[in-house]
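Have a look at the structure below before the remarks.
The values are calculated or read from the model by the stated rules, or taken from the named source; none is laboratory data. Model, not experiment: these values are computed from the prediction. Don't worry about glycine lacking a Cβ; one is built from the backbone with ideal geometry, like all the others, and counts go over all protein chains shown. Calculation scope for accessible area: heavy atoms of the full protein, side chains included, ligands and nucleic acids excluded. Shrake-Rupley method; radii C 1.70, N 1.55, O 1.52, S 1.80 Å.
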Amino acid sequence: MRAMSRSGGRTVTKARIASFAFKLSFVVLAWVAPLGVGRKPRAQEAACGKLPTRTSSNAFEHGSTKYTNDGERRNYCTAPNRSAHKFSLAQCVAREVGTELCLPRRELFIVDASYELFRAHYGMSRAFSAAIAAGTADEALPALYGALLSLRRLLSTLAVDPHRHAVVFAFEGTRKDSPSFRKTLFPAYKANRAAAPPGISRAFPLYEQLVTALGFPAVSSLGFEADDVVAQLVRVATSSDEAVSATIVSADKDFQQLLKQDRVRIVRWDAKKSAYSELDEAAFRNQSGGGAKDALSPQQFADVLALMGDTADNIPGVAGIGPKTAQKLIATYGTLSAMYENIESVRPTRVRELLKTQKDNAELSLELAKLGTTQPPLGEFGSWRALQRKDADQVRCAELFRRVGLREPLLAELLDSANGENSARVTGAD
């Protein structure tokens, strides 16, 4: 049936009006896409995963994950500036409704186990000191309790989604009979460090057992430091065929050399702000020096340490060269090796002579400071698929919790968070 109206002698049908409105909707979606309402701008598409296969008019498949246009599910795409934009399936359209889906970028959270346990031990020891002294609490309890609270906070505050994120823990693989290559190369490496408190030493194997029982991969490699394991995990994540980024959870400054814009960042908990602070490549460049000409890239961080040394790891560096001079030299020449290739152009003379007489120290220090020069074997954990969380062994979890005096309600909350059931809730102690 026709509903007719006359305008300049033309007859317009309802069908034509509907057709015009349908086409207009695509124009509107294309126009508002940069505002985060409709289709992604092309600059954002590179940050999304591969396009899915359309299986029906309202269903899509990507790998082992199936998506349906049920009006409830929301998918996330991380833009190059790391701001999150939300798109429903209905909004992810291109030339034809439903032919493109904005897939989430996958992310690997790499937790530095040493950082978590040391921080937790010193932060929680006072609360348990009386019970430990009385023999009613395990000496590993402060480190374990604090580290598990931190894990719960990580999962909830950063909204870790088990369907698109993986969380792994990097552990030390060095032993007295299997020292790191750095210790073999330079026996004084880290020799200035005091032995870890007994509570932390006891906590390490228990923490590894706990996170494994919770279903998370605990990764170490015999004869390699945890730092090298982290660097290798970053390589696995960012070299994947999938769109995977890496987030390192640590306050260790050495990881700054691994930063890569839109692919690798570092986060740590800031108790004063009750929030996670983030460092990415852009922020590193901004804070790495005074003027723009002295700004460094993350890849130059180890070269700077090679000149100025690092007292925390007992890396000698070049005596007489401080942080400002080291940074200026690397900003000027690019790398340590390029600087030595042009050593005669270095000014002033005093600095040039220091560099000449201590060249061996500088080159040794670069080997000690640089991450990623070795590739520790990760065994079964050498791929993105292998780093996915497995089902928790709840019987084993409960047994470990009882052994060290942890309360089971915390276990239930951890399992909920790991399963993505309470990602909106922010929990955890400072």
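Quick one: is residue 188 at pLDDT 95 or above, at negative phi and surrounded by fewer than 19 Cβ atoms within 10 Å (Cβ to Cβ)? I'd like the intermediate steps shown before the answer.
On the way: at pLDDT 95 or above: yes; at negative phi: yes; surrounded by fewer than 19 Cβ atoms within 10 Å (Cβ to Cβ): yes.
Yes.
Every residue in region 232-261 that is small (Gly, Ala, Ser) and open to solvent by less than 10 Å² (accessible area, probe 1.4 Å), please.
If we filter region 232-261 for residues that are small (Gly, Ala, Ser), which is where we start, we get 237, 239-240, 243, 245-246, 250-251.
Within region 232-261, 237, 245, 246, 250 meet the criteria.
List, please: which pairs have Cβ atoms under 6 Å, are six or more places apart or on different chains, and start with a residue in region 323-340 that is in contact (Cβ under 8 Å) with a residue 60 or more places away in the chain and farther than 17 Å from residue 359 by Cβ and end with one that is open to solvent by less than 50 Å² (accessible area, probe 1.4 Å) and in a helix (DSSP H, G or I)?
Within 6 Å, no pair qualifies.
Out of the helices (runs of 4 or more DSSP H) lying entirely within region 208-320, which hold 2 or more residues that are at pLDDT below 95? Show your work before the answer.
On the way: elements: 226-238, 281-287, 301-308.
The helices (runs of 4 or more DSSP H) meeting that bar are 226-238, 281-287.
Can you pull out every residue in region 139-186 that is of a type in the set (Gly, Ala, Ser), part of a helix (DSSP H, G or I), out of contact with any strand residue (DSSP E or B) (no Cβ under 8 Å at 6 or more places or on another chain) and under 22 Å from residue 405 (Cα atoms)?
So the first thing to find is which residues in region 139-186 are of a type in the set (Gly, Ala, Ser), and the list is 140, 143, 146-147, 150, 156, 159, 166, 170, 173, 178, 180.
Next cut, part of a helix (DSSP H, G or I) only: 143, 146-147, 150, 156.
From what is left, the residues that are out of contact with any strand residue (DSSP E or B) (no Cβ under 8 Å at 6 or more places or on another chain) are 143, 146-147, 156.
Of everything in region 139-186, those that are of a type in the set (Gly, Ala, Ser), part of a helix (DSSP H, G or I), out of contact with any strand residue (DSSP E or B) (no Cβ under 8 Å at 6 or more places or on another chain) and under 22 Å from residue 405 (Cα atoms) turn out to be 143, 146, 147.
Which of the residues that make up region 304-314 are open to solvent by less than 40 Å² (accessible area, probe 1.4 Å) and either of a type in the set (Phe, Trp, Tyr) or in contact with a Phe, Trp or Tyr (Cβ under 9 Å, 6 or more places away or on another chain) (or both)? Give the derivation first.
Taking region 304-314 first, the residues open to solvent by less than 40 Å² (accessible area, probe 1.4 Å) are 304-307, 309-310, 313.
313, the sole residue that qualifies.
Write out, first by first residue and then by second, each pair whose Cβ atoms fall under 8 Å of each other, whose residues are 6+ apart or on separate chains, and whose first residue, in region 255-280, is closer than 22 Å to residue 151 by Cα while the second is part of a loop (DSSP other than H, G, I, E, B) and among the aliphatic types (A, V, I, L, M).
These pairs meet every condition: 255/371; 265/259; 266/259; 267/158; 268/251; 276/158; 279/259; 280/259.
From the set of residues in region 159-185 that are of a type in the set (Ser, Thr, Tyr) and open to solvent by 10 Å² or more (accessible area, probe 1.4 Å), which is nearest to residue 116 (Cα to Cα)? Let's see the steps before the verdict.
Taking region 159-185 as the starting set, the residues that turn out to be of a type in the set (Ser, Thr, Tyr) are 174, 178, 180, 184.
Adding the requirement that they be open to solvent by 10 Å² or more (accessible area, probe 1.4 Å) leaves 174, 178, 184.
Details: 174: 18, 178: 24, 184: 27 Å.
So the residue we want is 174.
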